[in-house]
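As structure tokens, the structure follows; a few thoughts come after it.
The values are calculated or read from the model by the stated rules, or taken from the named source; none is laboratory data. Nothing here was measured: the structure is a model prediction, and the numbers come from that model. Cβ coordinates were reconstructed from backbone atoms using ideal geometry, including for glycine residues, and neighbour counts include every protein chain displayed. Protein only, heavy atoms only, side chains kept; ligands, DNA and RNA dropped before computing areas. Shrake-Rupley method; radii C 1.70, N 1.55, O 1.52, S 1.80 Å.
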Number of protein chains: 2
Amino acid sequence: MNTRDKIILIGDTLIRKRGYNAFSFSDISKELNIKNASIHYHFPTKTTLVIAVIQKHLMLLEKFKQNVTDENAIQKIIKFLSVYTIAKSEGKISVLGSLANDYFTFEPEVQTELKILTDNTLNWLTHTLKEGKRDGIFQYKMTDRNKALMIITNILGAEQLSRVTYQHDFHKIKENVIDDLTK
Amino acid sequence: MNTRDKIILIGDTLIRKRGYNAFSFSDISKELNIKNASIHYHFPTKTTLVIAVIQKHLMLLEKFKQNVTDENAIQKIIKFLSVYTIAKSEGKISVLGSLANDYFTFEPEVQTELKILTDNTLNWLTHTLKEGKRDGIFQYKMTDRNKALMIITNILGAEQLSRVTYQHDFHKIKENVIDDLTK
DNA sequence: ATTTGCCTACCTACTAGTAGGTATATATAT
DNA sequence: ATATATATACCTACTAGTAGGTAGGCAAAT
């Protein structure tokens, strides 16, 4: 892996473990054993780095969508949630959750990119729920987008809350989300 | 109001609007038109300030509990959720949500206080749900604590997500939580 | 006379970011 | 093949500004 990609990877981890405003370029440079100025060679500002991190996740989301296109709705949802579970087991919350928290401290460009990632995620979830309902796998009364909102907020909230309470709470919430959908 | 309480109030607002790691003592001193060092007179460290903020919310929670003791479960839940709605309309998320995000950047004492606030909130919610179920007002299959977890994560997640999407999403999620409980 | 609540004036450590230099590799022109 | 130019990826050394925090002084209230 080249240095640029390593910086993105470490930045991503720091954002999701500690938060955007709780890490500095020197955290990254120390881990890579290069100098602070060298990080600025690859990313002139912290803003350009966080945008690169968001764009990596936009790419990963597209890949994920393609990987699960042939599966049924319930399998899609289970795999979607397992992405958050795996990250959680490594002490990381989602970029979406972490950066949403710091939303008002960002420059407009970052806010725009984050909006795109959020909309993409929410749209995929909405569409997948609709598909599952059409196929008689899922039951719920509210609109598809509202159900998507309920599920995504359960996950984002669970990531946060289980930092304070117990890791186990995250898994309980995830199980409840799936049980509730399939009844 | 004395200066100490003003500092707590401004600190509280900054934490909930921008996050713990995105504000400094000078943000507070500028707003109060006093010097940076004077903040340190009241709160020797940033840690002591955030603890005072959490403890204020512990007090407010106790007051809230007392205020609603005579109401029925559904009214209790509605009033509980409206606390978050009012804050949201002022651009503030809950202390719980904001500080949970920065959990790993805190000293142990802060983590302990935050755990207490979280447990108190969760316990009250669990107890109120149980009460409503006993009285035939609420219907749900999972355990009381699990239901409490689902509701609180919906709210915490909604606070975050609606920063990125639309203010309106927060209200939709809140309505869904109440509708789902009462069916 | 002591406490309260602020002040001036400072400190150290760190932040993001810049200027300018260098070794190495690669591409191009002679 | 050799000289030259260019790009890459780092470096040292620096800047201006901010972070949290401290020492000691002073006026007013208790």
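All conditions in (1) within 13 Å of chain A (Cβ to nearest Cβ); (2) touching a residue at least 12 places away in the same chain (Cβ under 8 Å); (3) part of a loop (DSSP other than H, G, I, E, B) hold for B:L181, with the sole exception of (3).
One residue stands out among those in segment B:17-38 that are open to solvent by 20 Å² or more (accessible area, probe 1.4 Å) and closer than 17 Å to B:E90 by Cα: the one that is farthest from DNA strand C (Cβ to nearest atom), which is B:K17.
Per the conditions (1) within 13 Å of chain B (Cβ to nearest Cβ); (2) touching a helix residue (DSSP H, G or I) at 6+ places or on another chain (Cβ under 7 Å); (3) at pLDDT 95 or above, the sole criterion not satisfied by A:N123 is (2). A:L14 meets each of the listed conditions (1) under 23 Å from A:L125 (Cβ atoms); (2) crowded, with 17+ Cβ neighbours inside 10 Å apart from (1). Selection of segment A:147-158 for residues being more than 9 Å from chain B (Cβ to nearest Cβ) and either buried (at least 22 other Cβ atoms within 10 Å of the Cβ) or without any contact (Cβ under 8 Å) to a residue 12 or more places away in the chain (or both) yields only A:I151. For first residues located in segment A:32-52 and more than 17 Å from A:T13 (Cβ to Cβ), partners that are of a type outside the set (A, V, I, L, M, F, W, C) and within 8 Å of DNA strand C (Cβ to nearest atom) and lie 6+ apart or on another chain with Cβ distances below 9 Å form the pairs A:N36/A:S24; A:N36/A:S26.
Checking the structure you have, find out if any residue of segment B:136-146 is more than 8 Å from chain A (Cβ to nearest Cβ), in a helix (DSSP H, G or I) and touching a Ser or Thr at 6+ places or on another chain (Cβ under 9 Å). Yes; the residues of segment B:136-146 include at least one that is more than 8 Å from chain A (Cβ to nearest Cβ), in a helix (DSSP H, G or I) and touching a Ser or Thr at 6+ places or on another chain (Cβ under 9 Å). Filtering segment A:159-175 to residues that are at the interface with chain B (Cβ under 8 Å from one of its Cβ atoms) and free of Cβ contacts under 8 Å to residues at least 24 places away in the same chain leaves A:L161, A:V164, A:T165, A:D169, A:K172, A:I173. Taking segment A:1-40 as the search range and keeping residues that are within 14 Å of chain B (Cβ to nearest Cβ) and small (G, A, S), which one is farthest from DNA strand D (Cβ to nearest atom)? That would be A:G19.
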